[in-house]
Structures are given as C-alpha cells and as structure tokens.
Amino acid sequence: MKRFSLRMATVGLAGLVMASLAPARAAEQLAPPRADWSFSGIFGTFDRAQLQRGFQVYKEVCAACHGLGLVSFRNLAQRGGPEFTAAQAAAIAAEWQHKVREIGDDGQPAERAPRLADRVPGPFANLKAAEAANGGKAPPDLSLMPKARSYERGFPWFLFDIFTLYQEHGADYVKAFLTGYEQGHETPPGTHYNKYFPGNFVGMPNMLQDGQITYSDGSPQTVRQYAADVTAFLMWTAEPHMEQRKRIGFQVILFLIVLAGLAYFTKKKVWKNVEGHA
C-alpha cells in the first residue's frame, strides 16, 4: 500500500511539473538567427564604415526617443570606433538636435549646444518627462543595449558557444528585434507584435522602413541593412575598447605559450643529469 501511494505521489508530482512547464514552453522566445559580424571571433574588428552608417541611423531615427548617456561626442573620433575626425565630431556635437541641460550662472535651468566633452544628450529633460511622453514607460538608454538585452540558447548550445567563442547573443537579438515586426496579429492597445520580443507584444512601434535613410557610400537602403548597421554601432558603444581588449588578450596568450616553452626547456636543462628526471 505504501509503495502504491509513493508511486501515485511520484506520478502526480511529475504531472504537476509537466503542467507547469507547458506554459513556459508555449511562451518560449524565438531564437534570433545568427548574423555574420565583422567583430566576432578572437580576431574580429569593427567595420569603420558600418559604424559611421550605424551612427547615422541612430542620429536620424533612434535619437528621437533614446539617449546615449555613456558616450561622449569625442568618443566618436577615438581609435577603434567610428573614427570621425575631430572636426567632424565637433560639428556633430554643435549641430546635435538635443541641447545640454544645465544650471546657468543665474541659478536657473539653461540649455546650450553640446561640446566635444559632453555626453550625447537624450531628448528628455529627466526620467519623469520621458515617462510622461511615452505612456508611463521611459525609452531605455541605448549605450549598453547589446549587453543588456540577450537571449538564452540553453543546453547543449551554450557549451558549443564556449568552444566557438560565440559572444554576439546581444547583437543578434537587437538586430532580430529591429527586423522582427509583423502585421496581422491581434495586439493589446498601445502595443505592436514582434516575433523576437519576449511575450511578442512591445510598446515601441516599427521605426525602420526601406529607403528611409540615404547612405552616401552606396550601401543598401533596406531595413535589414539599417538594423545591422545600428546594431554594430551600439555594440561599439557597449564595448568601445573591444579591439584593444582582443589585441592585448592575444598578446598575453602568445606570451604565456612562449613562457611555458621556456619553462619546459629550462626544466629539461636543469634536471637532465639527475637520475629519474631526464
């Protein structure tokens, strides 16, 4: 009787577990497709032209709602980034559509044109203003977006990611999100359907359209190209020293290999005449 009760309890517990997992499986997030990024891998670097195009997309589209609070205008001219000239970066700052808000000499709130040393100002004076203008939810700052947003690949894929050095989950998600809007779905009021967004209903509308932005270098003027370019730019804002980090890491690996070789041959030299250590 006890065995029967134990079996029934086990079956009941298994049923509860499966029932609890069913909604989670139904609401599983669609995995974004892997993109081919120039900055992926141990030797990956940013594409300067792509970063400049991505900045153009941010400036003409994203900056209307989102800030870059951790990026200064002078960073746009630094090595490893878009590498605008100092004069170009200064002109971008002076012509920026949003002003720097500060307290003037008279103690009153004032506005002025940004300078190279200033962080890229957002469109709203403060969090409350951003929330009030967007139905109670402030648009997030984009400085770290590819690092802050990602998805889980689960077992056993994360093991393959370790050995293949796949670290672009966030970039793949951001690009997929920007291209994942679909029409023809019933959505709650004030939301839009995106097949890659967790839960599928997102407050941000589709902001990219084919032909919306004119590129001067002849690159395709499509939603997919815009999404890839602005994602690469945001990957740089999230990790501006990535190229330097990879370069130093590779040099350290080479140093350790040489050091290990020297240590091995030194050991062989020192102990070669000692019995049992040849």
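Listed by Cβ neighbour count within 10 Å, with the fewest neighbours leading, V202, V258 appear as V258, V202.
With Cα atoms defining each centre, segment 101-118 and segment 214-278 are spaced 42 Å apart in the structure. For the chain, a simple Cβ point-charge model (Lys and Arg +1, Asp and Glu -1, everything else neutral) yields a dipole of about 1400 debye relative to the Cα centre.
For K195, the aspartates and glutamates whose Cα comes closer than 16 Å to its Cα, not counting residues fewer than 8 places off in the same chain, are E28, E152, D172, E182, E186.
The order of R149, R247, going from fewest to most other C-beta atoms within 10 Å of their C-beta, is R247, R149. Which of rounded, prolate, oblate describes the chain, given a ≥ b ≥ c as roots of the alpha-carbon gyration tensor eigenvalues and a/c under 1.5 marking rounded, otherwise prolate only if a/b is larger than b/c? It comes out oblate by the Cα gyration axes.
Candidate cross-link partners of K147 among the lysines, defined by an alpha-carbon separation under 18 Å and a same-chain spacing of 8 or more, comprise K175, K246. Hydrophobic, long helices, defined as DSSP H runs whose alpha-carbon span along the helix axis is 20 Å or greater and whose mean Kyte-Doolittle value is at least -1.0, occur in the chain at 2-26, 223-238, 242-271. Mean separation of Cα pairs under 8 Å and 6 or more residues apart, divided by the residue count, gives the chain a relative contact order of 23 percent. Site pair L256 and A117 shows an inter-label distance of 4.0 nm when each label is modelled 7 Å from Cα along Cα→Cβ. The residues D36, D210, D229, when put in order of fewest to most other Cβ atoms within 10 Å, stand as D36, D210, D229. Taking 0.36 nm per residue of separation and subtracting the current Cα-Cα distance, fully stretching the chain between R48 and E102 would add 16.1 nm. Computed 3J(HN,Hα) for segment 209-216, one whole-Hz value per residue from the Karplus formula 6.51 cos²θ - 1.76 cosθ + 1.60 where θ = phi - 60°, is 9, 4, x, 5, 10, 9, 8, 8, glycine and proline marked x.
The numbers here are math on the coordinates, done by the rules we state, and not lab data. What you see is a predicted model; the values in this text were computed from it and never measured. Positions of Cβ are generated from backbone atoms using ideal geometry, with glycine treated the same way; all protein chains shown enter the neighbour counts.
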